[in-house]
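Please read the structure below before turning to the comments.
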Amino acid sequence: MMRRLLIATVVMASSAAGLLAAWAGGSPVGSVAANPSRGCPRLATFARGAPGLASGRGLWAVAGGRLVSVGAGRAVTGEGLLSVGRSRTLATAVDQGTIKHAAVRPGIGTAYVIDRAGADIVVAMTREGADVLPQTAEASNPTWSASGRLAWSTGSAILIRNPVSGKIDELPAPVRGLAVFAPVFLSDHRIAAVVSERPNDQVPEGEQLNDLWSTDVAGTRWRRLTHFRAGGDHWVAVRTPIARAGGIDFVRVTARGSSTGAPTFELWRYAHGAASRVRRLAGERYLAGRLRGQLVWNRPDPSHGRHLLEIERAGTMRTIGCGAVLVDPIDVPDPDRRSGGSYVPLREDRPDPGMASGAGAEEISVIVGDFQAMAEAQAVVVEIQRAYPGSLVEVIENDDAPLAIRPGVFGALLHLPRVADPGASIAAFRAALPAYTSNSWIVTP
């Protein structure tokens, strides 16, 4: 049963501030220089329909819960999606969930995930209309082959849909019990994906080691492509792989679970049977695809609660819009977490929806309260997420934590790593969000 914990230890603000750049095991908690609103104007909506979706034309992202055409600088409303899909199932899904993870293939179409509390829905839009594919679990990262095969992850497997028959084949992870996510077609008959090792006691959240594996679309035999090493509290994560001329570009992230410094982000490339580092990246960023032969990047902008889309030309980065492509959007609540968001793709090891409201998933947390209205608590959740990007933050009430919050009011709960020090954690929190110094506490089971 979660209760408030009084902390008598006084921690100097200078030492506590270092915790704000800590890696919480699975998601980076570091500051990223914010780009002002250049390239991110308030978007108008298409007057009718959603041109380009069915043909897979242009660069599409997710911003504010809507699909956004970066080239046209316009968004698609729910009504616009329905005008393309003409599906009653799609109408219900759009109304009950939020969009994430857009995948476009020129001449084929556009696919995206409707993230809902519990099982998600994958939508494939082509010139033939919209195929609405309800799932039995979480879904993420759809991707197209040149012939129109559509693949996506369910955490424990990769599903591949045949464009002619509509049959869906399941490719289980190459090792039982491991997670597999972020599929990418290397050819029409071969696919690669990220395989994730389980967390351990020293890296308790996220995962300790990622590698790229590949197989044919029948899943007859998986082959390990990369051979990264991790041990102790040192972890290696692979993010946002995209196909490139038979090879794969991806972001590799490394750090130590005990470190208070920011992780290292690097661009890597797998080609000709080997993986090599291209260069170190200047802070946190992820691949979003290619536009006119140039890499497009997603960079988190926590100061504004969004992702920036940037293109690289002659060694410089230029903002071309806002939105998330291969990463989870952070500007809308995650239906499985009441309120939430992440700067990295979530995998099957996300907290069980039943755990999200049950206090005590971590040994200590920070709670801010008490608020008379849920909307007040939700607004504080957004502020905490900006200060602690990638962390799990949620609204709770008395039913969730009767010893931490009184009946009839609401609180904002920040989950902390198991290894967090209570005194240092509350000092760091109050240094980051001084407006809540008088009404923030450490809570513990």
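The values are calculated or read from the model by the stated rules, or taken from the named source; none is laboratory data. Computed from a predicted structure; not experimentally measured. Here Cβ is always computed from backbone atoms with ideal geometry, including for glycine, and neighbour counts include all displayed protein chains. With ligands, DNA and RNA removed, areas are computed over all heavy atoms of the protein, side chains included. Shrake-Rupley method; radii C 1.70, N 1.55, O 1.52, S 1.80 Å.
Under the definition of Cα pairs under 8 Å and six or more residues apart, what whole-number percent is the relative contact order of segment 238-278? Value for segment 238-278: 32 percent. With contacts taken as Cα pairs under 8 Å and at least 6 residues apart, segment 172-288 reaches a relative contact order of 17 percent.
Between Glu128 and Glu312, the contour length at 0.36 nm per residue exceeds the alpha carbon distance by 62.8 nm.
The fraction of accessible area contributed by carbon and sulfur in segment 386-445 is 53 percent, rounded to a whole number (1.4 Å probe; ligands and nucleic acids excluded).
Taking 0.36 nm per residue of sequence separation and removing the Cα-Cα distance, the Val175/Leu291 pair yields an extension gain of 38.3 nm. Ranked from largest to smallest solvent-accessible area, with a 1.4 Å probe on the protein heavy atoms, Arg277, Arg285 come out as Arg277, Arg285. Each other residue within a Cβ distance under 12 Å of Gly293 adds +1 if Lys or Arg and -1 if Asp or Glu, for a net charge of +3. Placing unit charges on each Cβ (+1 for Lys and Arg, -1 for Asp and Glu) gives segment 108-267 a dipole about its Cα centre, and among Ser258, Phe181, Val217 the Cα reaching farthest toward its positive end belongs to Val217. Given a 1.4 Å probe and the protein chains as shown, Phe371 ends up with an accessible area of around 20 Å². For segment 388-435, the solvent-accessible area of protein heavy atoms averages 36 Å² per residue (probe radius 1.4 Å; ligands and nucleic acids excluded). Largest first, the residues Arg223, Arg66 sort by 1.4 Å accessible area into Arg223, Arg66.
Estimated at 0.36 nm per residue, the fully extended path between Ala146 and Ser187 surpasses their Cα-Cα distance by 14.0 nm.
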